[in-house]
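**Student:** Below is one structure. I have some questions about it.
The values are calculated or read from the model by the stated rules, or taken from the named source; none is laboratory data. Computed from a prediction, not measured in an experiment: that's the story for all the values here. Here Cβ is always computed from backbone atoms with ideal geometry, including for glycine, and neighbour counts include all displayed protein chains. Side chains are part of the model used for accessible areas, which takes the heavy atoms of the whole protein and leaves out ligands, DNA and RNA. Shrake-Rupley method; radii C 1.70, N 1.55, O 1.52, S 1.80 Å.
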Amino acid sequence: MLSVGVNGYGTIGKRVADAVRVQPDMTVRGVAKTSPGHVADHATSIGYPLYAVSEDEIASFEAAGLDVAGTIRELVAKSDVIVDATPGGIGEQNHTLYEQLETPAVFQGAETPAVAETSFNARANYDEARDASYVRVVSCNTTGLSRLLAPLKEAYGIDAVRATLIRRGGDPDQPSRGPINDILPDPVTVPSHHGPDVRTIFPSLSIDTMGVTVPATLMHLHGVNVTLESTPDIEAVRDLLAKEPRIFVVPESARIEGCGALREFARDAGRPRGDIWENCIWDESISVSGSEFYCFQAIHQEADVVPENVDALRAMFNLKDAAESIATTDERLGVSFRQHSRASEQVFTERACDD
Ligand SMILES: NC(=O)C1=CN([C@@H]2O[C@H](COP(=O)(O)OP(=O)(O)OC[C@H]3O[C@@H](n4cnc5c(N)ncnc54)[C@H](O)[C@@H]3O)[C@@H](O)[C@H]2O)C=CC1
Ligand SMILES: O=C(OP(=O)(O)O)[C@H](O)COP(=O)(O)O
């Protein structure tokens, strides 16, 4: 059993801990928190040993009635590997401690790529993380783009990618984030950081991305245009995407018109925290015109990197190959949304004619 410590128990850290907990080959050694509160209470109620990031805070945990198993240094020493899900930049600072104690670590997307030996997406470059001591799971948007681009690249070749990312302003527990009533080019410079970040996964890819931030907490929404190196049949593209393990082709028959309905669909399905680990691509948006591919996909920022963290751990410790790891993670986590009916037989050209 791989013993996993989680440092940074916020939006991503708590989800990764819960995902690790249900895997057959790994266990949660403990989680590190900066301060007490309802999140620390919840961690304790699940049974995760709680470690304090700072010795100075131990008294405040104890005053809140929480048992502290030790400090972060002790958790790092006891764990086979750490998942660092601290805010951007802190992971890089923590790297020194992990190195001192010779504990491998998985970092998250806001760290610079240089923090790790490789950036990681299970579908696209699993083998590059084999035997690595430090791996960075790319950000939610980069994960979503990589999952879509990997099968398209393998099947048809990619000449160029252009994507506009409509980004959620903050997560639901971040009331101070905005905008409140605005639509921001974010970043206003082009390309946004996402294109270069995708190139940490596909080094020679021609990709330009633009970012816009809106007053929403639900999901990110991508409008993607890929110029392929061949001219596939639209049904073949649909089938290709529908077979991908972490892609949910949203059927027209489901009447899911937006991100709010997607999240409600996930809550109705009994997903923990209403999480959607899959890329959600609207079937009707999948369009092919010559070598041009288009789609809209929604990415649940709080969730899509969670199975990727589990797979990164398996790759680093050579526990399974890519397909086996993805299948095991998804089966244990319950990544199950699939296209369950063909939404539309229309092809891009027919729609264009109707217009
Ligand atoms: N929330 C999101 O949409 C996504 C976040 N990520 C990445 O995951 C990482 C973490 O982000 P979130 O979970 O959203 O942040 P968060 O703010 O929700 O959680 C971070 C946690 O780390 C704690 N923390 C702060 N300083 C610490 C320290 N020195 N040592 C240990 N813990 C400390 C905070 O108290 C908080 O509980 C970032 O790299 C982010 O870019 C990746 C994909 C999506
Ligand atoms: O990795 C994310 O976004 P990003 O791919 O736009 O950097 C997460 O949604 C975190 O974004 P944030 O940096 O706006 O909190």
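**Student:** On a 0 to 90° scale, report how tilted helix 11-21 is relative to the longest principal axis of the chain, with both axes built from alpha carbons and the result rounded to the nearest 10.
**Tutor:** With rounding to tens, the tilt is 80 degrees.
**Student:** Also, I was wondering about something else. Output the Kirkwood hydrodynamic radius of the chain, Cα pairs only, in Å rounded to one decimal.
**Tutor:** 21.0 Å
**Student:** Aspartates and glutamates within cross-link reach of residue 14: Cα-Cα under 16 Å, excluding same-chain residues under 8 positions apart?
**Tutor:** Within reach: 41, 84, 171, 173, 275, 302, 304, 308.
**Student:** Taking θ as phi - 60°, what are the ³J(HN,Hα) couplings along region 142-155 by the Karplus curve (6.51, -1.76, 1.60), each to the nearest whole Hz, with x for Gly and Pro?
**Tutor:** Going residue by residue, I get 5, 4, x, 5, 5, 4, 6, 6, 4, x, 5, 5, 5, 7 Hz, with x marking Gly and Pro.
**Student:** Taking the chain as the reference, fit the longest principal axis to its C-alpha atoms, fit the long axis of helix 90-100 to the helix C-alpha atoms, and give the angle between the two in degrees, 0 to 90, nearest 10.
**Tutor:** Roughly 50 degrees, rounded to the nearest 10.
**Student:** Roughly how many Å² is the accessible area per residue of region 78-165, as a whole number, for a 1.4 Å probe?
**Tutor:** 35 Å²
**Student:** On to the next question. From the Cα gyration tensor of region 91-190, with a ≥ b ≥ c the square roots of its eigenvalues, which class applies: rounded if a/c is under 1.5, or else prolate if a/b is larger than b/c, or else oblate?
**Tutor:** Oblate, because a/c is 1.5 or more while a/b does not exceed b/c.
**Student:** Tell me which of 318, 282, 38 sits at the most positive position along the dipole axis of the chain, charges placed on C-beta atoms (Lys, Arg +1; Asp, Glu -1).
**Tutor:** So the residue we want is 38.
**Student:** Would you grab the residues whose amide H sits under 5 Å from the one on residue 83? Only those 5+ places off in sequence or on another chain, please, with H modelled 1.01 Å from N.
**Tutor:** 5, 6, 7, 106
**Student:** Residue by residue through region 296-305, what is 3J(HN,Hα) from phi via Karplus (6.51 cos²θ - 1.76 cosθ + 1.60, θ = phi - 60°)? Round to whole Hz and write x for glycine and proline.
**Tutor:** Values per residue, Gly and Pro as x: 10, 9, 9, 10, 7, 4, 7, 10, 5, 7 Hz.
**Student:** Evaluate the Kirkwood expression for the hydrodynamic radius of region 185-239, namely the inverse of the mean inverse distance over all pairs of different C-alpha atoms, and round to one decimal in Å.
**Tutor:** One decimal place: 13.6 Å for the Kirkwood radius.
**Student:** Using the Cα centre of region 1-89 as the reference point, and only Cβ charges (+1 on K/R, -1 on D/E), how large is the resulting charge dipole? Debye, rounded to the nearest 20.
**Tutor:** Details: 7 positive and 11 negative charges, 54 e Å.
Computed about the Cα centre, the dipole is about 260 debye.
**Student:** Charges at C-beta only: +1 for Lys and Arg, -1 for Asp and Glu. How large is the resulting dipole of the chain about its Cα centre, in Debye rounded to 20?
**Tutor:** 400 debye
**Student:** How big is the antiparallel share of DSSP beta bridges in the chain, given as a percent to the nearest 5?
**Tutor:** 40 percent
**Student:** State the percentage of accessible surface on region 81-195 attributable to carbon and sulfur atoms; use a 1.4 Å probe and exclude ligands, DNA and RNA.
**Tutor:** Whole-percent figure for carbon plus sulfur exposure: 49.
**Student:** Which trypsin sites (Lys or Arg not before Pro) does region 16-117 hold that lie in a coil by DSSP with at most 14 other beta carbons within 10 Å?
**Tutor:** none
**Student:** What shape does region 1-71 have by the C-alpha gyration tensor, where a ≥ b ≥ c are the square roots of the eigenvalues, rounded means a/c under 1.5, and otherwise prolate means a/b greater than b/c and oblate the rest?
**Tutor:** prolate
**Student:** Which residue, chosen from 139, 227, 213, occupies the Cα position most advanced towards the positive end of the dipole of region 131-244, where the dipole is computed from +1 (Lys, Arg) and -1 (Asp, Glu) charges on Cβ about the Cα centre?
**Tutor:** 213
**Student:** May I ask which residue of 97, 114, 70 lies farthest towards the positive end of the charge dipole of region 50-138, with charges of +1 (Lys, Arg) and -1 (Asp, Glu) on Cβ and the Cα centre as origin?
**Tutor:** 114
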